[in-house]
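Asks: Sharing a structure here in structure tokens format.
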Amino acid sequence: MSVDVAPLDAPPAVTPPASAPSAAAASAAAASFAALEASLGYLTPSDIDQVRQAYRFADQAHLGQLRKNGDPYITHPIAVAQICTQWRLDAQALAAALLHDVLEDCGVTKAELTEHFGPAVADLVDGLTKLDKLEFDSREQGQAESFRKMLLAMARDVRVMLIKLADRLHNMRTMADMPRHKWARISRETLDIYAPIAHRLGLNNLYRELQDLAFRHLHPWRYQALSKALARSRARRKDLIARVQGEVEAAFAHTGMDVRIAGREKTLYSIYRKMDAKHLSFAQVTDIYGFRIIVPQVLDCYTALGVLHQLYKPMPGKFRDYIAIPKVNGYQSLHTTLIGPFGTPIEFQLRTPSMDVVAESGIAAHWLYKSGDANDPAAQTLNAQWLQSLLDIQQETKDSGEFWDHVRIDLFPDSVYVFTPKSKILALPRGATAVDFAYAIHSDVGHRAIGATINGEQVPLRTELRNGDVVEITTSPHAHPNPAWLGFVRTGRARSKIRHYLKTLAQEEARALGERLLRQALRAEGYAELPPHEGDGQGVWDKLLRSTGARSRDELLIDIGQGRRIAGMVGKKLAALLAEAGQRPDALLISQERFGAPGDDQPSQGVVVLDGSEGGSIVYASCCRPIPGDRIVGYLGKGEGLVVHTEECPVGRRLLQRDRERFLEVEWAEELTRAFDATVAVTVANGKGVLARVAAAIAAAEADITHIQMGDDGAQPTTELRFTVAVRDRVHLAQVLRQLRRTPSVLRAQRVRPPRGHDGN
């Protein structure tokens, strides 16, 4: 049967409230500690007493507060704590669950919580508290900062996230009490953030329930339509499922294996997502039902697999061994899809009891079946790699929105599993590249990567990895991250490491340029060197920082290098402070710096010399593309660093008229370290093989082509081609142009310069 997915319209009908007396009695029962105490049998009497004290404190703090349905507010913390008892969390976590809203809603301070319940509980509650009291530029920024705080608290103690997920689950279960206009936002947030985190931590039952609750409130009519279709399908296939279960039980009984068989049904949301992604009708979704086979030992999983493959034929390509290579969140099972009676595909999952616990409860399995000590290494190793990566990203990302973007990248449920040359397995998000692999090994390997070998074959660093690849990274001590890597890396760790390196490098280059410019400005005032950092010079620097408002010497120099401050003005202030300190300027140096003739044998010390080795703090303008041999000027743009233009560039001339004090004298060094880009326009007669001949001519002149722009007027007798070529200087460019003009089919070749009146925008 085909089911058309209905559009979002009105919500489903709501069941009428119960009569007043019974509702009041239910509220009183739910608000009592007895509702929770029945679930605390796994705790010691002293632990139960600690939870009881937390209940009394929370009950008093929330006194008089009501939920949207009229129940006392304390019913919510009790429900959150009850969910946590299903994972058998310890007394500290349960106390924090009961107290999780008192800092935010009741005016209680962290110091009070520490006094009553100790620092561990207070830290848990603080990690759960939103940052509503702070001022943010937008609601999105406030939300991102809240997640940043919560995730970092989780990296230190995963119980923070378990309590937060329990809180979100109860809120989703009681969503019908919320105003209708909030349903979509809260449900979307649950699908985008909380469900992926639950999946990432291996909390499969919670993950499935959050998805279905969010789907029910985000698309109520679609949920109802699919729910009815699934119920009808369940009734129709009841005989088929019973037959398969009977045949499987008989097959295992014949072998004498001790197995437990359980049925499994896809959630409505996973069915809907598959229909939506693959444009299927409900009748075309064939893998709705499946079975889980629980066996005593790991070896029994493979034996049971053989029994099933003898019973039914396996579907090619539908076998997955997550026991040999577990998923990132610790999940282990064998998956196989078999062709059952009447040609129906049926999925089987085979696992041991301990694997089943981890599969359904993930990181919470530690408290379910182990000591309950949060500091036990077993609790910290499961998902420790991802939790530690949160702290690594935090150290290098100060912006909350950027931090959340990095983390969200790592919440993809799909992973690829690759091997190091020493056969160590690494799990990376689907679409991860060799650069992601390099940073997963170590940040230094990523920073120094120059190439990769996959399965013995050399490949580019941007190559996407596939399951089973053996990856080896080639490094060089002189290499450094390329900004272009940000366009294809997939992991938050790699992205944050690259950005941090580039920001640090840019600041160091700006600081060096700023120091150079300030020294030149100070020479013009008659002082040969900057004052030292210590001794008498320290007092001069302190006064300069106070007068400029900069927080440190490095910050001041970076601001000068990035054009946010004028070196000449800072130099005059610094000269005045040096004069106050009793240092007299050198009159001869002043005359040399300010009035030295351009024809002197020695160039002025105020000139900035360029050799091509500069980093991002010096930019060669794309409007005129200066190359060695051109007469050039330097413009210190605000926040841009030093921008170099040719003297005749209209953009540079316009800036000179408007902002003369920001211009510096620059000149080319005698020895250059690299080639420079120039744009060449080549007019050719259309014909077969013209582009190849032109490219060969440029190569013959020993120039590299870095970019080609072609017109789309192929029907015309002529076409203009524009090449960006890397040349050593003007002489080399002239050689390239001569070589082009000698080439057959080339009608004209010339360097492209900005037209007069061009504004550079």
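Asks: Please indicate, with yes or no, whether at least one residue in the stretch 499-512 is in a loop (DSSP other than H, G, I, E, B) and either more than 25 Å from the chain's Cα centre (by Cα) or more than 17 Å from Ala579 (Cβ to Cβ) (or both).
Replies: no
Asks: Can you pull out every residue in the stretch 529-543 that is modelled with pLDDT of 80 or more and either of a type in the set (Lys, Arg) or not in a helix (DSSP H, G or I) (or both)?
Replies: Glu529, Leu530, Pro531, Pro532, Lys543
Asks: Out of the stretch 422-446, which residues are part of a strand (DSSP E or B) and of a type outside the set (A, V, I, L, M)?
Replies: Of everything in the stretch 422-446, those that are part of a strand (DSSP E or B) and of a type outside the set (A, V, I, L, M) turn out to be Pro429, Thr433.
Asks: A follow-up question, please. When Ser552 is evaluated against the numbered criteria (1) outside the structural domain of Ala440 (by TED's automatic domain parsing); (2) closer than 30 Å to Thr433 by Cα; (3) among the polar types (S, T, N, Q), which criterion, by number, is the only one it fails?
Replies: Failing condition for Ser552: (2).
Asks: Would you kindly identify the strands (runs of 3 or more DSSP E) lying entirely within the stretch 305-362 that contain at least 1 residues that are over 23 Å from Arg243 (Cα atoms)?
Replies: Strands (runs of 3 or more DSSP E) meeting the threshold: 313-321.
Asks: Something else about it: Given the residues Gly563, Gly606, which is the only one that is in a loop (DSSP other than H, G, I, E, B), within 27 Å of Val633 (Cα to Cα), modelled with pLDDT under 80 and in contact with a strand residue (DSSP E or B) (Cβ under 7 Å, 6 or more places away or on another chain)?
Replies: Exactly one residue qualifies, and that residue is Gly563.
Asks: With respect to Val684, is the statement that it is assigned to a helix (DSSP H, G or I), modelled with pLDDT of 85 or more and aliphatic (A, V, I, L, M) true?
Replies: For Val684, the condition - assigned to a helix (DSSP H, G or I), modelled with pLDDT of 85 or more and aliphatic (A, V, I, L, M) - is not met.
Asks: Moving on. Of the residues that sit in the stretch 477-511 and are small (Gly, Ala, Ser) and buried (at least 16 other Cβ atoms within 10 Å of the Cβ), which one is farthest from Leu461 (Cα to Cα)?
Replies: First, the residues of the stretch 477-511 that are small (Gly, Ala, Ser): 479, 484, 487, 492, 494, 496, 506, 510.
Now narrow it down to the ones that are buried (at least 16 other Cβ atoms within 10 Å of the Cβ): 492, 494, 496, 506, 510.
On the way: Gly492: 17, Ala494: 13, Ser496: 18, Ala506: 23, Ala510: 29 Å.
Filtering first and then ranking leaves Ala510.
Asks: Here's another thing I want to ask about it. State all residues of the stretch 308-354 that are within 30 Å of Leu89 (Cβ to Cβ), more than 30 Å from the chain's Cα centre (by Cα) and either of a type in the set (S, T, N, Q) or surrounded by 21 or more Cβ atoms within 10 Å (Cβ to Cβ) (or both); if no residue qualifies, say none.
Replies: If the condition is that a residue be within 30 Å of Leu89 (Cβ to Cβ), more than 30 Å from the chain's Cα centre (by Cα) and either of a type in the set (S, T, N, Q) or surrounded by 21 or more Cβ atoms within 10 Å (Cβ to Cβ) (or both), then Gln349, Leu350, Arg351, Thr352, Ser354 are the ones that fit.
Asks: From the list Ala669, Ala692, Ala678, exactly one residue is more than 26 Å from Leu518 (Cα to Cα) and in contact (Cβ under 8 Å) with a residue 60 or more places away in the chain. Which is it?
Replies: Sole residue among the options that is more than 26 Å from Leu518 (Cα to Cα) and in contact (Cβ under 8 Å) with a residue 60 or more places away in the chain: Ala678.
Asks: Could you list, ordered by first residue, the pairs with Cβ atoms under 8 Å in which the first is in the stretch 425-443 and in the same structural domain as Asp469 (by TED's automatic domain parsing) and the second is aromatic (Phe, Trp, Tyr) and crowded, with 24+ Cβ neighbours inside 10 Å, at least 6 apart or interchain?
Replies: Sorted first by the residue in the stretch 425-443, then by its partner, the pairs are Leu426/Phe437; Leu428/Phe437.
Asks: Working only within the stretch 271-283, note down all residues that are in contact (Cβ under 8 Å) with a residue 24 or more places away in the chain and under 19 Å from Thr344 (Cα atoms).
Replies: Ile271, Met275, Ser281, Phe282, Ala283
The values are calculated or read from the model by the stated rules, or taken from the named source; none is laboratory data. Predicted model, so just to flag it, every value in this text is computed and none were measured. Here Cβ is always computed from backbone atoms with ideal geometry, including for glycine, and neighbour counts include all displayed protein chains.
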